[in-house]
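Colleague: Quick one: the structure is below, questions incoming.
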Amino acid sequence: MDVKQDSFTSNDGGQTMKILDVLPTPNPNAVKIVVGASLTPPGEVLAASDNPDNPLFLALSERDSIVDVMLQGSSITVVFDPDIAQDGREELHWVGNQLRMLEESDILSHGKDQTVLEDPTLLLIQEVLEVEILPYLESHGGSVRIIGRDGNEILLRYLGACGGCPASLGGTLNAIEGLIQEEIDPDLRIRLV
């Protein structure tokens, strides 16, 4: 998707969303939109799949070309279906209009990551991910979430720009698995769900 920083302008009136920048991600079908408000507490990621009642996710789900949305800090990562989203400027203009119609308080008051890890091994893995992996993924508009465990398989799901990114299925996945094997248990394997 061709990303231009001037694809849409921000609305400074009232408490509506102010768009500061639009950045490319390593996933050619995703963009990271930087806004003038912190949408999540530090370190927290909200995914559309976990928060379907969030007004932002509801508004953006109206567009068939949008396949995933993730909030993290002051950024919104939007992933587009390349078979549907042919005109990047048109898609970004539509997203910008949706953002400007929402009030920051609507987005802030809805949704929270409901994942609760009780397995001691999963808690250790989460700590390793938070220190070694998440800062890198989040800087590119993506993230990864632990879904659970099936024996020696750790079930992970990519969020934001990581979903569908060619690098996430090869190098990134191998790096995560290698780090977990080195830091926690050499018998653990990663399975994406």
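Colleague: On average, how much accessible surface per residue is there in segment 118-192, in Å², for a 1.4 Å probe, leaving out ligands, DNA and RNA?
Modeller: Per residue, segment 118-192 has an accessible area of 49 Å².
Colleague: Further, regarding this structure: What are the ³J(HN,Hα) couplings of segment 20-28, residue after residue, when phi is run through the Karplus curve with 6.51, -1.76, 1.60 and θ = phi - 60°? Round to Hz, x for glycine and proline.
Modeller: 9, 6, 10, 10, x, 10, x, 7, x
Colleague: Could you let me know the centre-to-centre spacing of segment 131-177 and segment 34-62, using Cα atoms, in angstrom?
Modeller: Each part's Cα centre sits 19 Å from the other's.
Colleague: For Glu182, tell me the accessible area in Å² from a 1.4 Å probe, rounded to the nearest 10.
Modeller: Only protein atoms counted, so the area is about 140 Å².
Colleague: Full-extension gain between Val193 and Glu62, please, as 0.36 nm times their residue separation minus the C-alpha to C-alpha distance. Let's see the in-between values first.
Modeller: Working: separation 131, 0.36 × 131 = 47.16 nm, distance 2.43 nm.
In short, 44.7 nm is gained.
Colleague: In addition: Using a 1.4 angstrom probe on the protein heavy atoms only, could you order Leu71, Leu117, Leu192 from most to least accessible area? Walk me through the numbers before you get to the answer.
Modeller: Working: Leu71 0, Leu117 35, Leu192 60 Å².
If we order Leu71, Leu117, Leu192 from most to least accessible, we get Leu192, Leu117, Leu71.
The values are calculated or read from the model by the stated rules, or taken from the named source; none is laboratory data. Since this is a predicted model, take the numbers as computed values, not measurements. We work out accessible area using only protein heavy atoms, side chains counted, and drop any ligands, DNA or RNA first. Shrake-Rupley method; radii C 1.70, N 1.55, O 1.52, S 1.80 Å.
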